[in-house]
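What follows draws every value from the coordinates through simple rules; no lab data is involved. Note that the structure is a prediction, hence the values are computed from the model and not measured. Note: ideal-geometry Cβ built from the backbone for every residue, glycine included; neighbour counts use all protein chains shown.
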Amino acid sequence: MGPGGNLRAVRSIGLGLTALPLFLALAPAARAQDDAPAAEPAAEPTVDFSADEVIYDSGAEQLTASGQVRMSRDGNYLAADRVSWDRNSGRVVAEGNVVVINPGGDKLIGDRVDLTDTLRDGTIDNLLIVLESGGRIAAVRGTRSGTTTELTNAVYSPCPVTTPAGCPRNPSWKINAARVVQDSSTGRVRFAGGRLTILGMTIPLLPIFSIGDGSQKGGVTGALVPSIRVDSNNGLELSLPYYWRVDRDRDLTVTPHLYTHSAPAFEARWRHLTSKGAYQLGAFITYGDIPDADPDPAATTLSDRNGIRGYFEGNGRFQLDPYWTVTGSFRVATDKTVARRYDITRDDRLRNFINAERISLDSYVSISGWAFQGLRSSDDQEQIPIALPAVDARFRLDDPWLGGKFEVQANSLAILRRDGQDTQRAFASAKWELRRITSMGQELLLTAYARADAYHTDESSETPVAIYRGEDGWQFRGIGALAADLKWPLIGELWGGTQRLTPRVQLVLTPPTPNLSIPNEDARAVDLEDSNLFALNRFPGYDRWEDGSRITYGFEWAVDRPKWAIHTVVGQSYRLTREPSIFPDGTGLTDSFSDIVGRTRVQFGRFIDLTHRYRLDKDNFAVRRNELDLTVGTDLTYAQIGYLRLNRDISPTVEDLRDKEELRLAGRWQFHRYWSVFGSTVLDLTGEDEDPLSLADGYEPVRHRLGIAYEDDCLELGVAWKRDYERIGEFRKGSTFSINFALKGIGR
């Protein structure tokens with residue numbers, strides 16, 4: 001005990017983390033020896049504490065600690081070079097490299113901090129707040145009380161203030177304000193007298209406004225960043241979204257749209273996360289002129305029809321238990337052009353469905369319903385099918401005799417049209433597969449397949465394409481097939497790398513099968529490709545079955561080196577029967593020998609990626625399918641080329657297999673660290689040679705896009721122009737100019 005009752009304790013770093021409660025208990029314990037306790041006193045809160053040196057004045061009940069002082073209480077943490085604690089007043093003064101961290105993860109850094117003994121409330125000079133979300137607030141002075149921190153002469157920015165090399169840098173955007181209030185419980189930062197600085201340009205803001213600090217999952221209620229666009233149909237567009245966080249698991253965003261050439265529109269989107277899943281609902285509604293999507297060519301004037309126009313959508317998914325899920329989606333438009341005019345979607349067909357699925361390790365059950373809305377000028381809604389119900393069940397069983405696998409399947413489908421052919425289908429099938437590796441390294445797959453079908457159809461004469469109709473009434477069909485598929489991988493060295501040559505041959509035996517009496521609803525878009533060359537049935541659906549035995553042969557060849565790789569597939573098939581084929585002329589599968597199909601992919605690191613798909617006529621080697629996709633460059637600067645030409649000479653009456661020729665170009669050039677220009681174009685090169693019904697006449701622009709953008713860690717800024725040449729009846733899309741502006745790092 002030193003003079004004046006001072007107790008000096010000097011110890012090494014890390015000697016006990018709870019030394020402070022010992023000092024706090026000295027004086028009360030001495031007094032307690034003289035008095036008989038009437039009741040057990042309440043335990044004082046524990047303050048975890050460590051320091052290099054501690055001086056305690058028991059008379060003044062004041063503690064002074066220095067040298068790497070660390071204190072924590074109730075999740076609040078304090079670190080400083082020197083700390084003075086007055087136990088009478090509860091005042092804690094920390095000086096020198098002060099760091100305070102609250103339970104939410106926000107970090108306060110300052111020169112001098114004056115706190116209460118809760119280590120939560122107090123005043124800080126020359127402070128820096130590092131928010132848990134990554135944002136920073138610097139101020140001359142700050143006062144914290146509870147969850148609220150009030151700052152004077154402050155600047156806020158969520159952007160990094162140093163480069164990856166550690167050098168200082170100016171943030172892309174920041175807000176300077178005379179007064180800032182940050183509430184960690186709500187995640188909102190309120191500014192008074194604020195100015196926004198973006199890339200060095202200062203913009204005055206509202207006298208009082210607030211933003212989210214990015215810490216609240218789901219965002220905070222408030223206005224979002226407006227958007228500006230100009231297009232040929234609506235003129236200048238100003239969108240003013242407002243976000244309302246109803247609760248932690250649900251929110252609503254409403255967006256008024258103002259136009260100079262059209263009536264205002266209103267958009268809303270509701271999202272809800274439940275204990276079983278999530279769903280969202282959206283709506284867009286306006287009033288205006290409704291162009292005729294299928295006008296009369298003999299008419300001399302345009303239609304003049306006004307009304308309410310809208311687009312409505314929703315989707316969701318719910319996990320009812322570990323096996324059952326329910327998924328649904330709906331998309332509905334009041335007319336064929338509203339979605340294109342207001343840039344809601346480019347889809348020409350809106351899909352609606354609901355599907356209940358049960359998935360386990362060895363079984364799958366699906367019960368669903370489907371409906372579609374056509375948005376093309378030629379679509380007749382009354383002839384577009386509704387599939388309800390569509391049931392599919394599959395079960396996989398072990399083979400107890402040969403070690404293979406059994407799969408049994410039951411399927412039913414009802415297709416309804418308000419004006420057109422109606423079809424109902426049901427079938428049951430069984431498939432057995434056995435996979436073995438021979439002693440010479442060959443992979444052998446044996447397959448046996450059997451199926452029994454029942455169909456019923458009405459009003460087949462309403463279907464204009466004869467090969468799709470089938471016959472009215474009940475039709476029954478039995479299907480059987482045996483197949484053997486043999487692959488022999490050969491591996492060796494080539495050009496300093498590894499090459500793999502895999503010859504492959506498949507034999508499929510199947511008896512003649514009735515097909516044309518069956519309506520074809522799901523197997524229309526048939527075409528020979530490398531992806532279906534070795535399929536058991538090369539029709540894409542169930543309504544058509546490829547009968548007649550055949551041999552399919554081909555090979556895969558691949559070379560892999562550290563810097564580049566080549567992978568190619570080539571194959572062809574030969575029909576063993578002379579029965580007439582049910583494939584349409586031009587699909588490559590009509591004659592005994594099929595066309596030759598292949599795919600080659602060449603990669604050079606991540607800089608070049610080239611994929612070429614082709615189909616060669618078996619008789620004269622004419623290119624019936626020529627598809628090229630090339631990407632050259634990096635993630636930041638690249639060029640893309642896509643080309644497709646289908647020259648199959650299929651009858652134009654077969655609408656699902658029309659020929660076409662198309663060129664796609666796209667690119668992006670990053671000419672500065674954060675600046676880039678980008679563009680893309682799609683050209684329809686289809687002429688009368690490919691499709692006599694095409695309007696392109698050999699060259700027709702589809703759409704163009706060009707823009708410039710700035711993007712870094714916390715700012716997006718860009719201007720883009722888009723020209724769309726799409727025509728839907730009287731409607732023409734035209735040009736659109738848009739401005740993209742987004743401040744990253746702030747809550748919604």
(message) Please give me, ordered by residue number, the chymotrypsin sites (Phe, Trp or Tyr not before Pro) of the stretch 362-459 that lie in loop per DSSP and have at most 11 other Cβ atoms within 10 Å.
(response) 401
(message) Viscosity 1.567 mPa s, temperature 4 °C: what is the translational diffusion coefficient of the stretch 236-287 from Stokes-Einstein with a Kirkwood Rh over Cα pairs, rounded to a whole number of µm²/s?
(response) 106
(request) Between beta-carbons, use under 11 Å as the cut-off and find the net charge around residue 375, counting Lys and Arg +1, Asp and Glu -1. (result) +1
(message) Can you give me the distance in nm between label points at residue 364 and residue 610, each placed 7 Å from the Cα along the Cα-to-Cβ direction?
(response) 3.7
(message) I need 360, 592 ordered by Cβ neighbour count within 10 Å, fewest first.
(response) 360, 592
(message) Distance between the C-alpha centers of the stretch 330-402 and the stretch 719-738? Whole Å please.
(response) 29
(message) Assuming 0.36 nm per residue, please report the length gained on full extension of the stretch residue 53 to residue 274 beyond their Cα-Cα distance.
(response) 74.1 nm
(message) Compute the angle between helix 19-32 and the longest alpha-carbon principal axis of the chain, please, reported from 0 to 90 degrees and rounded to the nearest 10.
(response) 40
(request) Would you calculate a helix-derived [θ] at 222 nm for the chain, using -39,500 (n - 2.57) for each DSSP H run of n ≥ 4 and dividing by the full residue count, to the nearest 500? (result) -1000 deg cm²/dmol
(request) Using only the Cα atoms, work out Rg/Rh for the chain, with Rh taken as the Kirkwood radius, to two decimals. (result) 1.09
(request) Within the stretch 639-660, find all residues whose amide N lies under 20 Å from a label point positioned 7 Å from the Cα of residue 535 along Cα-to-beta-carbon. (result) 645-651, 654-660
(message) Let's test the formula: R0 of 41 Å, r as the Cβ-Cβ distance of residue 401 and residue 517. What FRET efficiency results, to the nearest 0.05?
(response) 0.65
(request) Above 28 angstrom, tally the Cα pairs of the stretch 396-555 and express them as a % of all pairs, no decimals. (result) 36
(request) Pull up the cross-link candidates among the aspartates and glutamates for residue 660, meaning alpha carbon to alpha carbon under 15 Å and not fewer than 8 places away within one chain. (result) 527, 627, 649, 684, 688, 689, 690, 691, 697, 700
(request) Quickly rank 553-560, 594-601, 734-741, 109-116 as a protection proxy: mean count of other C-beta atoms within 10 Å, highest first. (result) 594-601, 109-116, 553-560, 734-741
(request) For residue 563, go through the aspartates and glutamates and keep the ones whose alpha-carbon is under 18 Å away, minus same-chain ones fewer than eight residues off. (result) 493, 609, 635
(message) What's the magnitude of the charge dipole for the stretch 337-399 around its Cα centre, counting Lys and Arg as +1 and Asp and Glu as -1 at the beta-carbon? Answer in Debye, nearest 20.
(response) 300
(request) Report the GluC sites (Glu not before Pro) located in the stretch 483-536 that are in a DSSP loop and have at most 11 other Cβ atoms inside 10 Å of their Cβ, or state none. (result) none
(request) May I ask you to derive the relative contact order of the chain, considering only C-alpha pairs under 8 Å and at least 6 residues apart, and to give it as an integer percent? (result) 6
(request) In nm, give the distance between the simple-model label positions of residue 462 and residue 579, each being 7 Å from the Cα along the Cα-to-Cβ direction. (result) 3.1
(message) Given points 7 Å out from each Cα along the Cα-Cβ axis, report the residue 388 to residue 319 separation in nanometres with one decimal.
(response) 3.0
(request) Taking the Cα centre of the stretch 396-555 as origin, work out the dipole magnitude from +1 charges on Lys and Arg Cβ and -1 charges on Asp and Glu Cβ, in debye rounded to 20. (result) 600
(message) Please flag any cysteine in the chain that has no other cysteine's Cβ under 4.7 angstrom from its own Cβ.
(response) 167
(request) Arrange 714, 167 by Cβ neighbour counts within 10 Å, fewest through most, would you? (result) 167, 714
(request) Please report, in cubic angstrom per residue, the volume enclosed by the convex hull of the alpha-carbon atoms of the stretch 697-748. (result) 107
(request) Arrange 593, 284 by Cβ neighbour counts within 10 Å, fewest through most, would you? (result) 593, 284
(request) Please give the FRET efficiency for residue 602 paired with residue 494, using the beta carbon to beta carbon distance and R0 = 22 Å, rounded to the nearest 0.05. (result) 0.90
(message) So if each residue of separation counts as 0.36 nm, and I subtract the Cα-Cα distance between residue 266 and residue 287, what length gain in nm does that give?
(response) 6.6 nm
(message) Based on alpha-carbon centroids, what's the gap between the stretch 621-662 and the stretch 512-542 in Å, whole number please?
(response) 22
(request) Excluding residues on the same chain fewer than 8 positions from residue 405, give the lysines whose Cα lies under 24 Å from its Cα. (result) 431, 487
(request) Find the eigenvalues of the gyration tensor of the Cα atoms of the stretch 63-134, then list the square roots of 5 times those eigenvalues as equivalent ellipsoid semi-axes, largest first, in whole angstrom. (result) 19, 13, 11
(request) May I ask for the net charge around residue 228, where only other residues with Cβ less than 15 Å from the Cβ of residue 228 are counted and Lys, Arg are +1 while Asp, Glu are -1? (result) -2
(message) If R₀ is 30 angstrom, what is the calculated FRET efficiency for the pair residue 671 and residue 705, using the beta carbon separation as r and rounding to 0.05?
(response) 0.95
(request) List, largest first, the extents of the alpha carbons of the stretch 414-480 along their principal axes, each in whole Å. (result) 60, 21, 17
